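Working notes, structure below.
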Amino acid sequence: MDFLITTLTKKQQVDSTIKDTIDKVLVLRFGRTSDPVCLQLDGILYKSMREVSKFATIALVDMDSDDIQVYVKYFDITLIPSTVFFFNAHHMKMDCRSFQVGWCLPQETRLY
C-alpha cells in the first residue's frame with residue numbers, strides 16, 4: 001500500500017508534512033513495508049482515506065530509514081505499527097482504550 005499512500009523516508013519530509021498540514025489531523029503510521037501487520041493497517045488506512053480526507057491526512061513513515069530514528073526515539077515507538085497524530089503541528093495523544101475512536105467511520109471500516 002505504500003505506493004498508494006504518501007510514504008515519508010526522511011526527517012525533512014516528516015518535518016514539512018507536520019508543519020504544512022493545517023486545519024486537519026495528520027495521521028502518521030510508523031512501521032515497515034515488509035511487516036504483514038503494517039500492510040494490514042495500511043489497507044485499512046487506504047480504505048478510509050477518501051472518507052476522512054476532509055478532516056485528516058494520512059502518511060506512512062518508514063522506520064527502517066536511519067533519518068527517521070530521531071522520531072522513533074522522540075515518540076518512544078516500540079510497537080510496530082504505531083500511529084502518531086498531529087493537529088496544526090501539535091502532537092495529539094489519544095486514549096484508544098475507550099474504543100470510541102471509530103465513531104466517524106462507517107461500520108465496515110471500524111476496527112472493533
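The values are calculated or read from the model by the stated rules, or taken from the named source; none is laboratory data. None of these values were measured; they are calculated from a predicted model. Methodologically, a virtual Cβ is constructed for each residue, glycine included, from the backbone with ideal geometry; neighbour enumeration extends over all protein chains shown.
Brief remarks follow.
- Long-range neighbours under 6 Å by Cβ, at least six apart or interchain, first residue closer than 17 Å to Ile18 by Cα within segment 73-85, second modelled with pLDDT under 90 and surrounded by 13 or more Cβ atoms within 10 Å (Cβ to Cβ): Val84/Phe75
Residues are listed down the side, and each one gets a yes or a no for (1) over 16 Å from Ile18 (Cα atoms); (2) out of contact with any Ser or Thr (no Cβ under 7 Å at 6 or more places or on another chain); (3) modelled with pLDDT of 90 or more:
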site: Val37; (1), (2), (3): yes, yes, yes
site: Thr57; (1), (2), (3): no, no, yes
site: His91; (1), (2), (3): no, yes, no
site: Met94; (1), (2), (3): yes, yes, no
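- Every residue from segment 49-63 that is more than 11 Å from Ile5 (Cβ to Cβ) and either surrounded by 13 or more Cβ atoms within 10 Å (Cβ to Cβ) or among the small types (Gly, Ala, Ser) (or both): Glu51, Val52, Ser53, Ala56, Asp62, Met63
- Condition met for Val84 (buried (at least 18 other Cβ atoms within 10 Å of the Cβ), among the β-branched types (Val, Ile, Thr) and modelled with pLDDT of 90 or more): yes
- Looking only at segment 1-57, and only at residues there that are in a helix (DSSP H, G or I) and acidic (Asp, Glu), the one that is farthest from Gln69 (Cα to Cα): Glu51
- Segment 58-82: number of residues that are among the hydroxyl-bearing types (Ser, Thr, Tyr) and either touching a helix residue (DSSP H, G or I) at 6+ places or on another chain (Cβ under 8 Å) or part of a loop (DSSP other than H, G, I, E, B) (or both): 3
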